[in-house]
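The values are calculated or read from the model by the stated rules, or taken from the named source; none is laboratory data. Just so you know, these numbers come straight off a predicted model, no measurement behind them. In this analysis, Cβ positions are derived from the backbone assuming ideal geometry, glycine residues included, and neighbour counts consider all displayed protein chains.
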Amino acid sequence: MAEAIYSGTTTVNDECHNVPTHEYAEQDIRALQELGIRGEWSYGPYREMSQADTRIWPTLNNLHKDSSKISPDGLLTLAYTWGSIPGRDSPPPDRVATKEIKTARGLGTRVTMHLASRENTPGRQVQALGDYLKNNMLLIHMLATTRAEMKLVAASGASISCSPGSELRIGYGLTKACAFMDAGINVAVSVQTAPLTENCYVPVLKLMRNAECAKAQNEFKLTARKALEIGTIHGARALGIEDKVGLLKPSKRADLS
C-alpha cells in the first residue's frame with residue numbers, strides 16, 4: 001500500500017482475504033489509517049475457512065458500529081466481499097451465500113465480489129445472481145460474462161473492475177473492458193496482487209489499453225483519455241465516492257500524493 005501511494009495511487013479498495021479473527025481486521029484497518037489513504041476496506045474470506053462457513057459476523061457488526069472511530073476523517077469505509085474463498089472455484093452453498101448477502105445489505109455496506117473470473121468456463125454465473133445485483137456492487141474480473149449478462153449488470157448499475165495484469169499472469173484470459181463499457185457498464189481497474197503485477201495503476205492502464213487495441217486490431221479502440229477516465233472518475237464511481245474525488249475541479253478533493 002505504501003508503494004501504491006508512492007506511485008500516485010491515493011484511493012483503493014483493499015480486498016482483504018486474511019481475516020481469521022477480529023484482531024486481524026483491526027490491524028489491517030489500522031495500517032490503512034496510518035498510511036492516510038482514502039478507500040474501502042472489504043471484509044473477505046480467508047483460505048483456511050470451510051466453504052460451508054460464513055464470515056465472523058460479530059467482526060463486521062462491531063466494525064460497522066465503530067465506523068466513526070475507524071475513520072473519523074471519513075477517508076475509510078467498510079465493504080463486504082461476497083462469494084468464494086480465494087483459490088477455490090466452487091461457490092459457497094446457497095444458504096451461506098444468501099445469509100451473507102442479506103447480512104451485508106442489512107448493515108448497508110457496499111459489496112464486492114470476484115465472479116465469472118476465468119474465460120471459457122460455464123456461463124450463467126452472473127445470471128444466477130441476477131436478483132442480488134445492485135448499484136452498490138463492485139464485480140471483479142467477469143471474463144466468463146455473456147453479452148446478455150453484461151446487459152443485466154448494466155441495468156443493475158453495478159460496476160466491474162478489470163485486472164489485466166493478474167488476468168494475464170494467472171491465465172484467466174484477456175480483459176473485456178471495452179465490451180463492458182459498450183454494454184453501458186462503469187469499468188474501473190485493479191492492480192490486484194502487487195507481486196504479480198504492478199503497484200502503480202498507470203502501467204496497468206497501459207496494459208489494458210494495449211490488450212484492447214490488440215484484440216480489436218485498432219490502435220485507437222481504447223484511447224489514452226478513456227484509459228485515464230477508467231483510472232480516475234470510473235474508479236471513484238465504482239466505490240460510490242464520485243461526489244468527492246475522481247476529477248480535479250472545484251468542490252472535489254484533490255488527494256494528490
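Annotations for the structure displayed:
- In region 32-53, the residues that are surrounded by 13 or more Cβ atoms within 10 Å (Cβ to Cβ) and assigned to a helix (DSSP H, G or I): Leu32, Gln33, Leu35
- Scanning region 127-168 for residues that are part of a helix (DSSP H, G or I) and touching an Asp or Glu at 6+ places or on another chain (Cβ under 7 Å) turns up Gln127, Gly165.
- Residue satisfying all of: in region 69-105; of a type in the set (A, V, I, L, M) and in a loop (DSSP other than H, G, I, E, B); modelled with the lowest pLDDT among these: Ile85
- Subset of region 115-139 [free of Cβ contacts under 8 Å to residues at least 60 places away in the same chain and within 21 Å of Ile170 (Cβ to Cβ)]: Leu115, Ala116, Ser117, Arg118, Glu119, Asn120, Thr121, Pro122, Gly123, Gln125, Val126, Leu139
- Of all residues in region 191-219 being hydrophobic (A, V, I, L, M, F, W, C) and assigned to a loop (DSSP other than H, G, I, E, B), the one that is nearest to Ile5 (Cα to Cα): Cys200
- Tabulated pairs, region 195-206, first at pLDDT 85 or above, second assigned to a helix (DSSP H, G or I), C-beta under 7 angstrom, 6+ apart or interchain: Val204/Pro164; Val204/Gly165; Leu205/Ala227; Leu205/Ile230; Leu205/Gly231
- Members of region 136-165 found to be over 30 Å from Pro203 (Cβ atoms) and touching a strand residue (DSSP E or B) at 6+ places or on another chain (Cβ under 8 Å), listed by number: Ser156
- In region 14-35, the residues that are on the phi < 0 side of the Ramachandran plot form Cβ pairs under 8 Å with partners that are assigned to a helix (DSSP H, G or I) and among the polar types (S, T, N, Q), at six or more places apart or across chains, as follows: Val19/Thr59; Thr21/Thr59; His22/Thr59; His22/Asn62; Ala25/Thr59.
- Just one residue in the set Leu138, Leu129, Leu75, Leu152 is assigned by TED's automatic domain parsing to the domain that holds Ala236 and closer than 21 Å to Ile29 by Cβ; that residue is Leu138.
- Whichever residue in region 10-21 is surrounded by fewer than 21 Cβ atoms within 10 Å (Cβ to Cβ) and either modelled with pLDDT under 85 or in a loop (DSSP other than H, G, I, E, B) (or both) and, among such residues, is nearest to the chain's Cα centre (by Cα): His17
- With respect to the conditions (1) at pLDDT 80 or above; (2) within 18 Å of Leu107 (Cα to Cα); (3) of a type outside the set (A, V, I, L, M, F, W, C); (4) not in a helix (DSSP H, G or I), His64 lacks only one, and its number is (4).
- Options Gln192, Gln217: the member that is polar (S, T, N, Q), surrounded by fewer than 17 Cβ atoms within 10 Å (Cβ to Cβ) and on the phi > 0 side of the Ramachandran plot: Gln217
- Taking (1) crowded, with 22+ Cβ neighbours inside 10 Å; (2) part of a helix (DSSP H, G or I); (3) out of contact with any strand residue (DSSP E or B) (no Cβ under 6 Å at 6 or more places or on another chain); (4) not basic (Lys, Arg) in turn, Leu222 satisfies each apart from (2).
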